[in-house]
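Here is the structure we will look at.
The values are calculated or read from the model by the stated rules, or taken from the named source; none is laboratory data. As the structure is a computational prediction, the values presented were derived from the model and not from experiment. Virtual Cβ from ideal backbone geometry, glycine too; neighbours counted across all protein chains shown.
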Amino acid sequence: MGKLARKVAIIGAGMCKFGRNFPLKRNPDMWVDAWIDAVNRVDNGIEPKDIDACYVGNYSSDLFNHQGHLGPQMANLVGLTPKPAARFEGACASSGVAFRQGILAIASGVHDIVAISGVECMTEVSTTLVTDTLATASDNLFEYPAGATFPGLYAAAASAHFHKYGTTHDDLKRIAIKNHENGKENPYAQMQQSLKEIMASKIKKFESQGRDIPDWKDEMDFLGSSSNPMIASPLRLFDCSLVTDGAACVFLAAEDVAKKYTDTPIWITGSGQGSAALSLHDRGEITGFIAAREAARQAYEMSGLGPKDIQIAEVHDCFTIAELIALEDLGFYEKGKAAEAIKNGETKRDGIRPINTSGGLKSKGHPVGATGAAMAVETFKQMRGIAERNRQVKFDVEKALTHNLGGSGATCVVTIYEK
Amino acid sequence: MPEEKEITVQNYLDYINNKKLMGSKCKKCGTFDVPPRKLCIKCNSTDMEWVEMSGKGKIAAFSCIGVGTSFMVNKGYSMKKPYCFSVIELNEGPMISGQLVGVDETKPDDIKINTPVQVTFLETELQGGEIRVDLGFEPV
Ligand SMILES: [Zn+2]
């Protein structure tokens, strides 16, 4: 594993408000909002003339919006043309891949500053079309005819994990509760509500409709009730991330120039990327993701750090089970041991290693192509100590990690950040 | 009898259409693959042959899906009538995806991993009357 030939830092990062933004905001609108938000977080300011290239992560604008070729389309919005601009695709890891390519382009010496971003507008099409489009990140020839959906594949992984390690749906409920607690504190999140608040608003709705008031004892009870319908057993509605429109943007700079823009750059000290067979069935292993373990291995080796050194992480919780498996794939916990740690509160905001302080994909939202970049935005904020409302962790974050998984685990990008 | 057909996706799908589950066997290291491979990723050999699979295996993973793909929705599946997506480990070693039938999809807790299954071929009538055949499995 080689080192980066020169150091790379984040000098600014931002995002647009995630949510069901279409048609009020389409891809170009959201992308510019994210750009402006990121520019505003570059301490000494930055202008398009300072930037050498524009890398855009996007999964499927072709199917969602009937639009391809987003690289130059976005670059032109802020006057970056005629500089190099390109779109990168790796399913839900699309902007993670763009981010890594930005790092490599700078480390190579070719570029000094790269704007990496991600954008996705998913709500322009019907739910069935969203399901079908997301399913194209799995194998269209051999999984689709069997009825594989995106939730269905993670649900199948959950069934195997439950069987092998005794994991239960209660373990998954705790992940949803935690991530909603965090998302409540994120003004950029799609669902800024704790599960208690969601339950209260449901009860209000039931009352106004004159229906029987449910007597849920607590969040766990609600999450096991018929008000949380089964999408793909054992995963219910609140185990799934959201269908979201959004964009995020990060400015990466070489060591040589970073100090011009800020006195406190966030250094990228580890970057790894892994791959696996597109089909879940073709990997021999269903309870973990080899692409994630490989990406983590590379990132740890490059940074010289190990799982124990990581203080906070944003992990790819497209489904609650995915967060649990990520904690094991990243080596934070032994295989089959993450559930117990979650139960003990270790991954909460006040736990020993907070996970998904942003609210995660579950509550912040999951505009698939923008998700990897948005993870870097949250990490930047937590390391700078500027996370909004009440979600800033109570200790100084010097070492952090992001884990961005594509499809049902066929692409993964892991990044390690240090102050 | 060894088959002379080239190992391609279309030939594999044609076999399924003719209700045969075929895979490849590496003549060098003996590895089975379903769907078949033209190049063995265990030993890098291209000396591969078609073999018919026993069609027997066990459930490795599954999910009863209420929000389905358009293909399944068009077949009449819904939240009220889920279908079961499964990953099956074949006796020959490879895993493959297929719809699991012959189970109560509304009671996923009753479906057990490692349950022995056998292949079945599921027919769907497409618009225009053409019959499409897909891989399915059912408990033995
Ligand atoms: Zn071989």
Kindly check whether there is at least one residue in the range B:109-126 that is at the interface with chain A (Cβ under 7 Å from one of its Cβ atoms), touching a helix residue (DSSP H, G or I) at 6+ places or on another chain (Cβ under 9 Å) and polar (S, T, N, Q). no
Could you list, in sequence order, all residues of the range B:1-31 that are within 16 Å of the ligand (Cβ to nearest atom) and under 21 Å from A:Asp139 (Cα atoms)? B:Ile7, B:Gly23, B:Ser24
Is at least one residue of the range A:318-327 surrounded by fewer than 24 Cβ atoms within 10 Å (Cβ to Cβ), more than 14 Å from every other protein chain (Cβ to nearest Cβ) and not in a loop (DSSP other than H, G, I, E, B)? no
So, first residue in a loop (DSSP other than H, G, I, E, B) in the range B:26-43, second residue within 7 Å of the ligand (Cβ to nearest atom) and among the β-branched types (Val, Ile, Thr), Cβ within less than 6 Å, six or more apart or across chains; the pairs are B:Cys40/B:Thr31; B:Lys42/B:Thr31
Leading residue by the ranking (nearest to the ligand (Cβ to nearest atom)) among those in the range B:32-52 that are crowded, with 19+ Cβ neighbours inside 10 Å and either more than 17 Å from the chain's Cα centre (by Cα) or among the β-branched types (Val, Ile, Thr) (or both): B:Cys40
The one condition A:Ala148 fails out of (1) of a type in the set (A, V, I, L, M, F, W, C); (2) assigned to a helix (DSSP H, G or I); (3) within 10 Å of chain B (Cβ to nearest Cβ) is (2)
Please verify whether the range A:37-45 includes one or more residues that are in contact (Cβ under 8 Å) with a residue 60 or more places away in the chain, touching a Leu at 6+ places or on another chain (Cβ under 7 Å) and assigned to a loop (DSSP other than H, G, I, E, B). no
Restricting attention to the range A:147-159, which residues are over 12 Å from A:His281 (Cα atoms) and of a type in the set (Gly, Ala, Ser)? A:Gly147, A:Gly152, A:Ala155, A:Ala158, A:Ser159
Of the residues in the range A:264-288, those that are within 14 Å of chain B (Cβ to nearest Cβ) and β-branched (Val, Ile, Thr) come to A:Ile286, A:Thr287
Among A:Arg26, A:Arg6, which is within 22 Å of A:Lys259 (Cβ to Cβ), more than 18 Å from the chain's Cα centre (by Cα) and not hydrophobic (A, V, I, L, M, F, W, C)? A:Arg6
Within the range A:338-349, identify whether any single residue is part of a strand (DSSP E or B), at pLDDT 95 or above and farther than 30 Å from A:Gly71 by Cβ, and answer yes or no. no
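Listed here are the residues, each with its yes/no results for (1) touching a Leu at 6+ places or on another chain (Cβ under 9 Å); (2) under 18 Å from A:Leu237 (Cβ atoms).
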{"position": "A:Cys121", "(1), (2)": "no, no"}
{"position": "A:Val130", "(1), (2)": "no, yes"}
{"position": "A:Leu134", "(1), (2)": "no, yes"}
{"position": "A:Gly166", "(1), (2)": "no, no"}
{"position": "A:Lys173", "(1), (2)": "yes, yes"}
{"position": "A:Gln190", "(1), (2)": "yes, yes"}
{"position": "A:Glu197", "(1), (2)": "no, yes"}
Please specify each residue of the range A:359-405 satisfying the condition of being surrounded by fewer than 24 Cβ atoms within 10 Å (Cβ to Cβ) and at positive phi. A:Gly385, A:Arg389
Return the total of residues in the range B:44-88 being more than 9 Å from every other protein chain (Cβ to nearest Cβ), of a type in the set (Gly, Ala, Ser) and part of a helix (DSSP H, G or I). 0
Quick check on the range A:371-388. Is at least one of its residues farther than 25 Å from A:Ser233 by Cβ, in contact with a Pro (Cβ under 9 Å, 6 or more places away or on another chain) and either part of a loop (DSSP other than H, G, I, E, B) or at pLDDT below 95 (or both)? yes
Condition (residue is of a type in the set (Asp, Glu), facing chain A (nearest Cβ under 9 Å), away from the ligand (no atom under 14 Å from the Cβ) and outside any strand (DSSP E or B)) applied to the range B:89-105: is it met by at least one residue? yes
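Rundown of residues vs (1) within 13 Å of chain B (Cβ to nearest Cβ); (2) touching a residue at least 60 places away in the same chain (Cβ under 8 Å), yes/no style:
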| residue | (1), (2) |
| --- | --- |
| A:Ile116 | no, yes |
| A:Thr133 | yes, yes |
| A:Thr136 | yes, yes |
| A:His163 | yes, no |
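Could you go through the range A:272-291 and let me know if any residue there is part of a strand (DSSP E or B) and over 28 Å from B:Pro35 (Cα atoms). Give the derivation first.
Going through the range A:272-291, the residues part of a strand (DSSP E or B) turn out to be A:272-275.
Then keep just the ones that are over 28 Å from B:Pro35 (Cα atoms); that gives A:272.
Checked the range A:272-291: at least one residue is part of a strand (DSSP E or B) and over 28 Å from B:Pro35 (Cα atoms).
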In the range A:118-129, the residues that are at the interface with chain B (Cβ under 10 Å from one of its Cβ atoms) and either hydroxyl-bearing (Ser, Thr, Tyr) or buried (at least 19 other Cβ atoms within 10 Å of the Cβ) (or both): A:Ser126, A:Thr127, A:Thr128
